[in-house]
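The structure under discussion appears below in the form of structure tokens.
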Number of protein chains: 4
Amino acid sequence: MNVEDIQSRLAVFARERTWDQFHTPKNLSMALAAEAAELLEIFQWLSDDQSKAIVGNEEEMVLGREEIADVFIYLARLADKLGVDIESAVLDKIEQNAKKYPVELARDNATKYNKRC
Amino acid sequence: MNVEDIQSRLAVFARERTWDQFHTPKNLSMALAAEAAELLEIFQWLSDDQSKAIVGNEEEMVLGREEIADVFIYLARLADKLGVDIESAVLDKIEQNAKKYPVELARDNATKYNKRC
Amino acid sequence: MNVEDIQSRLAVFARERTWDQFHTPKNLSMALAAEAAELLEIFQWLSDDQSKAIVGNEEEMVLGREEIADVFIYLARLADKLGVDIESAVLDKIEQNAKKYPVELARDNATKYNKRC
Amino acid sequence: MNVEDIQSRLAVFARERTWDQFHTPKNLSMALAAEAAELLEIFQWLSDDQSKAIVGNEEEMVLGREEIADVFIYLARLADKLGVDIESAVLDKIEQNAKKYPVELARDNATKYNKRC
């Protein structure tokens with residue numbers, strides 16, 4: 001995925017509409033949380049099995065795909081405004097998580113997993 | 001960014017810890033929303049100007065970078081479980097948004113923007 | 001519950017700490033969403049049955065009770081700043097919901113329920 | 001506010017529609033977070049001053065009042081399912097907060113406030 005290209009399209013999009021005044025890190029974090037909640041809404045009354053089965057429901061998947069896009073759009077925009085490289089941040093975090101959750105401990109320790117993931 | 005590679009690392013990470021049982025679309029949407037809220041917390045008491053200024057605050061930026069990574073990690077994992085290609089979903093959404101918010105209307109119409117973004 | 005009394009204690013608490021500058025409706029809505037997400041975190045990796053069983057887990061219940069309090073505190077504070085009477089708003093909403101979800105339709109129609117609750 | 005009466009109305013409402021199957025603590029925490037995010041959406045593109053000024057905007061206030069009601073409804077329902085008395089939880093939390101944020105320290109220490117509210 002070409003994140004820089006997406007970020008630059010989003011920056012042009014905002015600039016053309018003079019929306020940079022609205023796109024402060026604070027406001028973008030709110031928009032991101034609001035979009036994440038729309039994903040949540042798709043699943044809120046479904047059982048775990050039903051939540052897996054939505055893969056076969058075209059209407060729900062159209063909606064889910066759009067909400068995933070919205071979350072990424074605001075995340076990319078926020079990362080751009082803060083100067084954060086998403087990929088390197090993610091790779092560093094995966095490494096940290098590997099230390100935090102060693103296989104032997106994490107595998108047989110759902111309680112610990114529940115406490116902190 | 002190599003999203004497929006990240007998704008495959010995350011899949012291995014989960015499999016090694018037998019965490020797939022926890023990683024239903026429903027639970028991942030909850031974890032995503034919870035991480036988005038941690039980003040929100042960074043900004044909740046800051047003014048817009050202070051929220052821009054955190055770029056110069058190393059401690060806050062370390063935290064912000066980690067939370068951005070966490071949001072992306074759960075988003076990538078959820079997209080993987082649902083079979084959604086994030087990049088194509090994002091490009092489609094940007095196109096839709098361009099139709100929904102034509103420059104001439106959006107530029108001088110903050111009210112409309114407030115109503116529906 | 002004496003909501004007015006709670007709101008007035010919270011107002012005094014904020015005034016004594018000169019926190020009214022932070023307690024704009026916008027910021028309070030962020031704090032409320034962040035606290036709601038902390039409740040979410042308690043349940044994110046639990047099955048539905050496990051989520052019911054936390055009633056018997058003292059440690060989790062101490063945490064849950066605190067998060068419920070935090071959500072109410074910010075809701076009460078926001079309602080106070082906006083001049084909204086929570087009880088009358090709730091009673092009106094219950095009435096609206098009764099019209100929106102007539103028993104005969106809602107009972108045998110989980111799909112509709114899933115779409116819009 | 002008669003919380004017990006509201007909770008008992010909500011319990012009847014759910015029972016009549018056979019919705020108790022959906023109202024697990026887990027699902028209610030999701031619905032609560034989703035409603036809190038709808039409050040967030042009202043404020044996401046507003047400045048702090050605009051967020052205060054919505055008190056004079058009837059249309060926004062109708063919406064805000066409804067979202068406040070929705071948040072309380074799910075909070076009351078969750079507290080009921082978990083056997084938590086909201087009022088006593090809130091009074092205990094206010095007492096804890098008074099110890100955690102002594103006036104002398106909190107007043108001249110916005111940084112600390114930013115770190116942990």
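Below are the figures for this structure:
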read-out	value
Selected residue (criterion: surrounded by the fewest Cβ atoms within 10 Å (Cβ to Cβ)) from residues of the stretch A:1-13 that are in a helix (DSSP H, G or I) and of a type in the set (A, V, I, L, M)	A:Val12
The one condition in (1) part of a helix (DSSP H, G or I); (2) surrounded by fewer than 22 Cβ atoms within 10 Å (Cβ to Cβ); (3) of a type outside the set (Ser, Thr, Tyr) that C:Leu39 fails to fulfil	(2)
The one condition in (1) surrounded by fewer than 20 Cβ atoms within 10 Å (Cβ to Cβ); (2) within 13 Å of chain A (Cβ to nearest Cβ); (3) touching a Pro at 6+ places or on another chain (Cβ under 7 Å) that D:Gln50 fails to fulfil	(3)
Subset of the stretch C:73-85 (residues that are of a type outside the set (Gly, Ala, Ser) and within 19 Å of D:Phe43 (Cα to Cα))	C:Ile73, C:Tyr74, C:Leu75, C:Arg77, C:Leu78, C:Asp80, C:Lys81, C:Leu82, C:Val84
Residue match in the stretch C:70-82 (condition: under 28 Å from B:Phe22 (Cβ atoms), assigned to a helix (DSSP H, G or I) and away from chain B (no Cβ under 11 Å))	yes
Selection status of D:Ser51, part of a helix (DSSP H, G or I), modelled with pLDDT under 95 and of a type in the set (Gly, Ala, Ser)	yes
Filter result for D:Leu63 (in a helix (DSSP H, G or I), assigned by TED's automatic domain parsing to the domain that holds D:Val12 and closer than 30 Å to A:Ser47 by Cβ)	no
Residue within the stretch B:49-71 that is touching a Cys at 6+ places or on another chain (Cβ under 8 Å), more than 20 Å from D:Met30 (Cβ to Cβ) and without any contact (Cβ under 8 Å) to a residue 24 or more places away in the chain present	no
Filtered residue count, the stretch D:11-45, keeping only those that are closer than 23 Å to C:Gln50 by Cα and touching a residue at least 12 places away in the same chain (Cβ under 8 Å)	9
Evaluation of B:Lys26 against (1) crowded, with 20+ Cβ neighbours inside 10 Å; (2) over 16 Å from the mean Cα position of the chain (by Cα); (3) within 18 Å of B:Ala69 (Cα to Cα) (one fails), failing number	(3)
Top-ranked residue in the stretch C:14-30 [being in a helix (DSSP H, G or I) and more than 7 Å from chain D (Cβ to nearest Cβ); ranked as nearest to C:Gly83 (Cα to Cα)]	C:Leu28
Tally of residues being loosely packed, with under 12 Cβ neighbours inside 10 Å and closer than 15 Å to D:Glu4 by Cα across the stretch D:78-108	1
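Let's see how each residue does on (1) under 15 Å from the mean Cα position of the chain (by Cα); (2) small (Gly, Ala, Ser); (3) farther than 29 Å from A:Val62 by Cβ:
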position: B:Lys52; (1), (2), (3): no, no, yes
position: B:Glu59; (1), (2), (3): no, no, yes
position: B:Gly64; (1), (2), (3): yes, yes, yes
position: B:Leu75; (1), (2), (3): yes, no, no
position: B:Ala79; (1), (2), (3): yes, yes, no
position: B:Asp92; (1), (2), (3): no, no, no
position: B:Glu95; (1), (2), (3): no, no, no
position: B:Pro102; (1), (2), (3): no, no, no
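The values are calculated or read from the model by the stated rules, or taken from the named source; none is laboratory data. Remember, it's a predicted structure, so these values are computed and weren't measured experimentally. Reconstructed Cβ throughout: ideal geometry from the backbone, glycine too, with neighbour counts over all protein chains shown.
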